[in-house]
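Input: a single structure, listed below in structure tokens.
The values are calculated or read from the model by the stated rules, or taken from the named source; none is laboratory data. These numbers were taken from a predicted model, which means no experiment stands behind them. Note that we place each Cβ from the backbone using ideal geometry, even for glycine, and neighbour counts take in every protein chain shown. All accessible areas refer to the heavy atoms of the entire protein, side chains included, with ligands and DNA or RNA removed. Shrake-Rupley method; radii C 1.70, N 1.55, O 1.52, S 1.80 Å.
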Amino acid sequence: MPDNYQHIKFSIEDRAARITFARPPLNIFNIAMMREINAALGQCAEQRDLAAIVFDAAADCNAFSAGVAVEEHVAETIFQMLESFHAIFRNLEQIARPTIAVVDGAALGGGCELVAACDIVVASDRARFGQPEIKLGVFPPVAAVLLPLVIGEKRARELILTGELIEAGEATRLGLVNYLLPASGLEQKRSELVSRFCDLSAAALGFTKQALDLGRGR
């Protein structure tokens, strides 16, 4: 599948989609980048036999994503920014396929919220996570809903209210990360997980994902 995007790389191979963030150095989500992510998810929605969606970062980036562009938190662009960001999560819910985040480096703010929304998270030992929005005088709306469900109410409140960052080991202990590996092992684990999903029925995966989401009140 041709890649016609500027800020991401996108492909669908063997029933698995891969959305690679490619806006170095920190993969800051601006409106243009988030619209590209949503366009890629729109292409995913057209693939009825899709088995999984993978999010990762390009090799020349220093972070999975360091969050949403601060300069777009202004009156002129705030509504477009919020709509583009929240549309990512609505699209993922509607597509209803397993999602995998492969994190090597920082996943902060909106990047951490996307990680929290994914079904399986594979992280390197140099990954770190956090919701530092409070330090800018705002709060993370997606994390306020999802993070307590993933890591527990008390710890989620602490992270969101203080803006504290946590290392990969702590994120694994809390349940935000499924697999903690050296950076050299990330690609093999991604391939292994994708292969497992591609052996399964897309329809069964979709119904199961919807049941899990409904069961926890999303």
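Screening residue 1 with (1) at pLDDT below 95; (2) among the aliphatic types (A, V, I, L, M); (3) under 15 Å from the mean Cα position of the chain (by Cα) gives one miss only, at (3). Across the range 64-94, the number of residues qualifying as touching a residue at least 60 places away in the same chain (Cβ under 8 Å) and either under 30 Å from residue 195 (Cβ atoms) or in contact with a strand residue (DSSP E or B) (Cβ under 6 Å, 6 or more places away or on another chain) (or both) comes to 3. Figure legend. Inter-residue proximity from the range 24-45: first residues touching a residue at least 60 places away in the same chain (Cβ under 8 Å), second residues of a type outside the set (A, V, I, L, M, F, W, C) and open to solvent by 50 Å² or more (accessible area, probe 1.4 Å), beta-carbon distance below 9 Å, spacing 6+ or different chains. Indicated pairs: 26/62; 27/62; 29/23.
Restricting attention to the range 2-49, report how many residues are at negative phi and in a loop (DSSP other than H, G, I, E, B).
17
How many residues are of a type in the set (D, E, K, R) and in contact (Cβ under 8 Å) with a residue 60 or more places away in the chain if we restrict to the range 148-179? The qualifying residues number 0.
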